[in-house]
1. Restricting attention to the stretch 85-99, report how many residues are open to solvent by less than 40 Å² (accessible area, probe 1.4 Å) and either closer than 8 Å to G14 by Cα or without any contact (Cβ under 8 Å) to a residue 24 or more places away in the chain (or both).
2. Tally up the residues in the stretch 158-185 that are out of contact with any strand residue (DSSP E or B) (no Cβ under 8 Å at 6 or more places or on another chain), assigned to a helix (DSSP H, G or I), touching a residue at least 40 places away in the same chain (Cβ under 8 Å) and open to solvent by 40 Å² or more (accessible area, probe 1.4 Å), please.
3. Pairs, please: C-beta under 6 Å, at least 6 apart or cross-chain, first residue farther than 14 Å from A72 by Cβ and in the stretch 1-25, second modelled with pLDDT under 95 and open to solvent by 50 Å² or more (accessible area, probe 1.4 Å)?
4. Tell me, please, whether a residue that is open to solvent by less than 20 Å² (accessible area, probe 1.4 Å) and over 28 Å from S113 (Cβ atoms) can be found in the stretch 31-48.
5. Looking only at the stretch 98-116, which residues are under 13 Å from the mean Cα position of the chain (by Cα) and part of a helix (DSSP H, G or I)?
6. Name the residue that is nearest to C12 (Cα to Cα), counting only residues in the stretch 117-135 that are more than 18 Å from the chain's Cα centre (by Cα) and open to solvent by 60 Å² or more (accessible area, probe 1.4 Å).
7. Kindly check whether there is at least one residue in the stretch 140-148 that is free of Cβ contacts under 8 Å to residues at least 40 places away in the same chain and of a type in the set (D, E, K, R).
8. Just one of the numbered conditions (1) under 30 Å from I249 (Cα atoms); (2) of a type in the set (V, I, T); (3) crowded, with 22+ Cβ neighbours inside 10 Å is not true of T145; which one?
Amino acid sequence: MTAPATAPQMLCLGVNFRTSPVSVREKFAVLKGRLVQANQALCALPGVQECVLLSTCNRTEIYLWATDCALALDSVAAYLLGSPGHGARDCFYSHRGTAALQHLATVAAGMDSMVIGETEIFGQLKDAYRAAQEAGTTAAHANRTFQHIFTIGKRVRSSTRITSGPTSVGAASVQLAQQVLGSLAGSRVLLVGAGEVARTTARSLASRGAEHIFVANRSYDRAVDLAAQVGGRVIRFSEWIPYLENIDIVIVSTASPVYVVSPAVLEQVQAVRQRPLFLIDLSVPRNVDPACALVQDVHVYDMDAMQAMAAQTLEVRSREIERGAQMIADWVQEEAPLLLGELSSPSVSADNEPLAGLSEKM
């Protein structure tokens with residue numbers, strides 16, 4: 001009689017804002033338009049049977065299913081990092097079994113985010129799952145897991161108050177703008193980009209009294225649509241640099257893989273302005289060259305600066321976080337036999353492992 005085949009185990013390998021600065025995270029960021037190809041490349045690696053790649057401004061995580069966990073994690077790590085001496089190796093973490101399931105639930109609930117309770121991550125997770133389905137890299141294990149994950153994510157958000165206060169990176173950036181400028185009334189704010197982050201930023205700006213909002217985006221129609229929603233004005237993407245002479249604060253969130261703001265350009269702008277210019281870069285990879293901060297009276301804030309602000313929000317929501325964490329722990333205890341026990345071998349450890357200890361060659 002033939003022995004039953006070993007079922008795949010659930011694993012997670014990732015890097016996030018807690019383990020690395022934005023200068024490291026941007027090296028592993030995958031643009032939305034590349035998710036399908038990236039999933040296919042990952043699923044073709046030795047040991048990987050199903051996978052879902054999640055890439056946001058704060059994290060890049062690969063959820064995968066494999067019968068040989070060490071082989072799968074080794075091959076994915078080698079694909080991402082190359083040689084064992086890669087400097088970013090210590091920034092990566094891995095989870096296995098129930099730990100991986102609990103981590104994914106915590107991410108879906110917005111409780112592992114830089115801004116606790118943020119709303120964007122839920123949609124980003126759905127987009128990641130949709131891209132994996134399109135890539136053909138999900139099957140019974142991933143599909144069943146993600147269907148249940150979306151349910152617990154919604155339940156935690158609706159049953160706790162973790163979404164009180166700023167609930168997005170965009171809202172946090174507006175809070176930072178308010179701290180920098182004081183009242184936003186009368187201030188001139190330029191949004192470069194018209195994606196989801198820009199939309200939440202624009203709505204937050206409008207709700208906090210910003211009267212002069214300008215939008216520039218490569219897709220002019222999307223810029224028009226966003227500007228109309230908040231009573232703003234549109235600037236053609238090819239023409240936004242000259243407008244900096246009259247702008248107080250610039251919030252950049254595009255999908256460009258390269259810098260769109262350089263020190264040389266700002267030096268020319270500042271020669272005319274002769275007053276402070278504030279730039280908030282919400283893009284990963286970064287869109288504002290860090291060297292821009294060396295230009296006279298130019299102040300640059302990136303995602304690492306957002307993390308410092310998020311720490312204040314974390315203190316306020318600590319009690320709600322405890323409630324949400326208990327809900328997830330109870331859910332994992334209830335669902336693990338279904339999602340992991342029936343689909344996975346019970347002999348595999350559910351403990352977290354440091355990346356360096358995944359196998360002897362790592």
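1. Residues of the stretch 85-99 that are open to solvent by less than 40 Å² (accessible area, probe 1.4 Å), as a first pass: 88-89, 91-97, 99.
Going one step further and asking which of them are either closer than 8 Å to G14 by Cα or without any contact (Cβ under 8 Å) to a residue 24 or more places away in the chain (or both), we end up with 92-94.
Going through the stretch 85-99 one residue at a time, the tally reaches 3.
2. Adding up the residues that qualify gives 2.
3. F17/Q307; P21/D304; V22/D304
4. The answer is no, given that none of the residues of the stretch 31-48 is open to solvent by less than 20 Å² (accessible area, probe 1.4 Å) and over 28 Å from S113 (Cβ atoms).
5. Scanning the stretch 98-116 gives V107, A108.
6. The initial filter retains those residues of the stretch 117-135 that are more than 18 Å from the chain's Cα centre (by Cα), namely 133-135.
Keeping just the survivors that are open to solvent by 60 Å² or more (accessible area, probe 1.4 Å) gives 133-134.
Values: Q133: 18, E134: 20 Å.
Filtering first and then ranking leaves Q133.
7. So far as the stretch 140-148 goes, no, none of its residues is free of Cβ contacts under 8 Å to residues at least 40 places away in the same chain and of a type in the set (D, E, K, R).
8. (1)
The values are calculated or read from the model by the stated rules, or taken from the named source; none is laboratory data. Only a predicted model underlies this, so the values are computations on that prediction, with no experimental measurement involved. Cβ atoms come from the backbone with ideal geometry, glycine included; neighbour counts cover every protein chain shown. Keep in mind that these areas ignore ligands, DNA and RNA; they rest on the heavy atoms of the full protein, side chains included. Shrake-Rupley method; radii C 1.70, N 1.55, O 1.52, S 1.80 Å.
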